[in-house]
Every structure is written in C-alpha cells, then in structure tokens.
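Q: What follows is a single structure, and I will ask about it in a moment.
Nothing in this text is a laboratory measurement; each read-out follows from the coordinates by a stated rule. No experiment lies behind these values; they were computed from the predicted model shown. Cβ atoms come from the backbone with ideal geometry, glycine included; neighbour counts cover every protein chain shown.
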Protein chains: 2
Amino acid sequence: MATHVEQEAGPRIPLSRRRVFQAAVKLADANGIEALTMRRLAEELGAEAMSLYHHVANKEQVLDGVVEVVAGEINDAVDRVGAEVAKPADWKGVVRRRILAAREVMLRHKWAPSVFESRTNMNPEVLRYHDQLVGIMHAGGFTYDQIHHALHALGSRALGFSQEMFNPAPGDSQPVPDMAALAEQIPNLVRMLADVAHDDPDSTLGWCDDQTEFEFGIDLLLDGLDRLRPKRR
Amino acid sequence: MATHVEQEAGPRIPLSRRRVFQAAVKLADANGIEALTMRRLAEELGAEAMSLYHHVANKEQVLDGVVEVVAGEINDAVDRVGAEVAKPADWKGVVRRRILAAREVMLRHKWAPSVFESRTNMNPEVLRYHDQLVGIMHAGGFTYDQIHHALHALGSRALGFSQEMFNPAPGDSQPVPDMAALAEQIPNLVRMLADVAHDDPDSTLGWCDDQTEFEFGIDLLLDGLDRLRPKRR
DNA sequence: ACCTGAACACCGTTCAAGT
DNA sequence: ACCTGAACACCGTTCAAGT
C-alpha cells in the first residue's frame, strides 16, 4: 500500500518547488489529504522533512502549490474545450462544457475541493480560469456587473465541485437508522427519500454528489443567468 | 485576551456533553476554530484535557456537538419565522425568510461553515432543518423528486452560508498586486473589477460574501426552482 | 547553496492510577 | 463514577551544524 518511491540508483534529482508540489498531489491522490504531512512528503521525495523548508516557507505554501497544480490541470482541460463564442447565445454551452471538464479533473482528485476551500489567498491558475469565464460571459452579452454577481452565485461550482451537506465518507459506516423513530422526527425527509428510492431503486439513503445532481444545479444557475442576459433585438 | 472563565468559589459543576459542546462553541466564537483544542477546551471548563474523554469519544464528537449547538440555534431562529404556507405560491417567501434567518445565526459564528462542511455524518438538528424545508416545498406544490434535486442545488446555501472562492482572511495582508502585470495576465477580471469598483466605490478587490451577493444567489436558485414548480390550473 | 540531526512546542489520545 | 498525571505517537517548525 505504501507509495514510497524507491530511490533510483542514478544521481539524485535536486528538490524544487515544482517537484515538491507534484509529489504532494501524488501523495494526496494515493493516501488521502490527511496523509499529506511534511514528514511523509519528504519521505516520498527521498529527503528529510527539514529539507522542504529550503523550497517552501511552510505547509500553507505546499497547499497553495497543490491548488496551483490541480488548477493547472483544469486549465489544460478547459483549453481543450475552447473558449470561442460564435454568437452570444452560445455562452451557456461553452461555460457548461468547461465546468464539466473542470469537474472531471476534480473527480480525479477527490480530496481537492476541501483544499481549494481552505485557501484564502488568490491563486494565479485559479484567477486565470475565472478570467476566461469572465471573457466568455462578456462575449455572451452580460455586463461586468452581472458577471460579478454570476461568479459569486456559481461559487465553487464554476470550478466543477459542490460541497455536499450530506456526504457519508467512504470509510465510516453510519449506524443503521431506526426507520420508525426517524419517521416521527423527520417525516417529510423520510417521505421524500422513499419517493426518490421508488423512482430510482439504485439511489441510496446516503445520497452522493452525483453527475445528475451537479448538472441539475449548474443548469438551474446558468438558465437563470441566461434569462438576465441583455439581449440585442 | 484570554477567555478563561475563572473558577467560581462555589461547588464545581460536573462536566457533561452539553457543557462541553457549549464551551466549545464559546471558545471558537472568542478565539477562532484553530483555538478549539482538547487541552484548551478542558482549561475553559476548569478541568484536564483527559477528563473530556469521559463525555466524548474523541474530538470528532466535539465537532459534531458544535454543529448540533449551532444548528439548534438555527432551528430556534427559523421557528420564529414560521413555516405556514397559506397558498402554494408563498413557498418561496417562507423559504427565503428562513434561509436569511439561518444566515444571521451563521454570521454570529463565522468559523461554523468550515465545521459544517467537515462533518460527514448526519446531524439530527441539521436533518430537522431540512425536514421542514421539504415540508414547506411540498406545500408549495413541488414533487418529492423535485425537492430532492432542489436540496442538492441549494447545498449549504439552504443553511445560510456559501463558501466563497476568493475570501481573504481577516488577518493576512495580501501583497499589493502589480496592476500592470495583472492586466496582461487576467485582463477580463481586471476590467470587470474596475467596472464594479466604478459602480460601487466602497467595494474592494478582495470581495466578500456580502448580503447582496448571497441574496442574488438564493434568488437565482429559488426563482429557477419556482419556474419548475407544477402549478395547479 | 543545499541538506540534515536534534530539539522545541504543540497536538490527540492511551493507560494506569487516584478519589 | 468521575477525574487526573505521566506518557506515547504524532504534528509543524527552528536552529545550529554539516557538505
């Protein structure tokens, strides 16, 4: 299960900020974000924990770097989607495809959303992503004021993720709920879930942030925004 | 600056889960969530860290309890708003007022959103809040299936908060950006912010999750949902 | 210039012992 | 039954020293 990369025989590659950040992403991918400690990160790189401090000031900068790497992947992915808005009405399709492309990157780094949300400073790659979003919406005919509101309204969904309020962690087994007692305390939720389960037998009580729900959410927002868009007549 | 409550002369009140949770909220309110450690929490209660483990299994349970206390306050606040839907079309106003009431509670506990999002298990008080939301929307004429989608789409906004992607922390001073260099790399964002600043000179580069943006976001969602609502004819 | 060993000040948590 | 002191296994980080 260990992801420790065995030291190759050849001359050892010197550390660098970039190598530190990439190793951090790899470590989080393999063992989860809680495994990303300075000591384990150094081990992964075949160095001592204290050596990292020659390349980053502290752990916060490692997390900043991790966001930069992932946001960089997102920018690569959306670059492949493109940003051309042939006619204003096309804005929505372009934005939608880009957001879903960003989401695919996020799904490869399931720990990333919590790290993105923990950052309080601006990240150049994240800014670049939003800059293009602004450009696309402006080509769609929105005023900058509307775009500003739109970015707030989309929030993290613009980057392809939405923190779910009920999201049982992969590992922890919830105690099996006593349905009779639940029905008394949260009758409406129980009715709703019974109904949803009836329509879709595969869905579970611990409902997940699945693709359908994510798309429903962005469409609700994008459609709502489209209605506000000043249309040339 | 210390919030340590001096020991009263009288007989000391025994610890209890409830007292532990309430002290935890008080500690986070006063000194931020990073100050909430088992050792400092015990100190606040005039006990040793290890005494806490007679009432909670671990720190995770303390955080669960903290969410329960805050969600309890939210439930008290929305109870004062009420839940009556006189006619179906009223659903939106009722939900809107309840969400804004929840938001007021959250603003009193600015550290709370991150704790809410860190919980992976269901919390009885949070469930009770959502249960009533389901009831109100059903009275508004929505199908349970639609309500299910709606809860996903609202996400944390239902509870009165939205994690902002750009949210400079109160303490950390961002380096002053070099406007000329920025204009080259993120021209659209720079234009947008110049425009927004022109319309509203009080707004700053580090834009905050202010009331206007929050209301814009929920109205976009609630209006969008209202359009999907099956209307009796 | 780049790396490291030992140490420091903190965590959450366990354990055996106190009343 | 309830609380505690000492200890353990971890953190992030500092410092003085090595090459």
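Q: With no solvent and one point on each alpha carbon, what is the Debye value of log10 I(q)/I(0) for segment A:14-57 at q = 0.18, 0.22, 0.29 Å⁻¹?
A: Log10 of I(q)/I(0), two decimals: -0.42, -0.63, -1.06.
Q: For A:HIS152, B:HIS138, which order do you get if you count the other beta carbons within 10 Å of each Cβ and list the fewest first? If you can, show how the numbers build up before the last one.
A: On the way: A:HIS152 23, B:HIS138 19.
With the fewest neighbours first, A:HIS152, B:HIS138 line up as B:HIS138, A:HIS152.
Q: Which far-off residues, 5 or more places away or on another chain, put their amide H under 5 Å from the one on B:THR143, with H placed in the peptide plane?
A: none
Q: On to the next question. Please compute, for peptide B:125-137, the average count of beta-carbon atoms on other protein chains lying within 10 Å of each residue's beta-carbon. Working shown, then result.
A: Details: counts 0, 2, 6, 3, 2, 6, 9, 3, 2, 8, 6, 1, 2.
Taking all residues of B:125-137 together, the mean is 4.
Q: Could you tell me which trypsin sites (Lys or Arg not before Pro) in segment A:49-155 are loop residues by DSSP with no more than 16 other beta carbons within 10 angstrom of their beta carbon?
A: Answer by residue number: A:LYS110.
Q: Check each of the GluC sites (Glu not before Pro) in segment B:75-167 and keep only those in coil by DSSP with at most 10 other C-beta atoms within 10 angstrom; list them in order.
A: B:GLU84
Q: First check a/c for segment A:89-132, with a ≥ b ≥ c the square roots of the eigenvalues of its C-alpha gyration tensor; if it is under 1.5, answer rounded, and if not, answer prolate when a/b is larger than b/c or oblate otherwise.
A: Cα axes put segment A:89-132 in the oblate bin.
Q: Within a 10 angstrom radius of each residue's Cβ in A:141-149, how many Cβ atoms of other chains show up on average? Whole number is fine.
A: 5
Q: Residue-wise, which Karplus ³J(HN,Hα) couplings in Hz belong to segment A:81-88, taking 6.51 cos²θ - 1.76 cosθ + 1.60, θ = phi - 60°, and x for glycine or proline?
A: Taking θ as phi minus 60°, the curve returns 6, x, 9, 6, 10, 4, 10, x Hz for segment A:81-88.
Q: Here's something else I'd like to know. Residue by residue through segment A:29-42, what is 3J(HN,Hα) from phi via Karplus (6.51 cos²θ - 1.76 cosθ + 1.60, θ = phi - 60°)? Round to whole Hz and write x for glycine and proline.
A: Along segment A:29-42, the couplings run 4, 7, 10, x, 5, 6, 7, 7, 10, 4, 5, 5, 5, 4 Hz.
Q: Of A:LYS231/B:LYS231; A:LYS87/B:LYS110; B:LYS26/B:LYS87; A:LYS59/B:LYS26; B:LYS110/B:LYS231; A:LYS26/A:LYS92, which pairs sit farther than 32 Å apart, going by alpha carbon to alpha carbon? Don't skip to the answer; put the middle values down first.
A: Working: A:LYS231/B:LYS231 28 Å; A:LYS87/B:LYS110 43 Å; B:LYS26/B:LYS87 41 Å; A:LYS59/B:LYS26 28 Å; B:LYS110/B:LYS231 39 Å; A:LYS26/A:LYS92 34 Å.
Pairs exceeding the cut-off: A:LYS87/B:LYS110; B:LYS26/B:LYS87; B:LYS110/B:LYS231; A:LYS26/A:LYS92.
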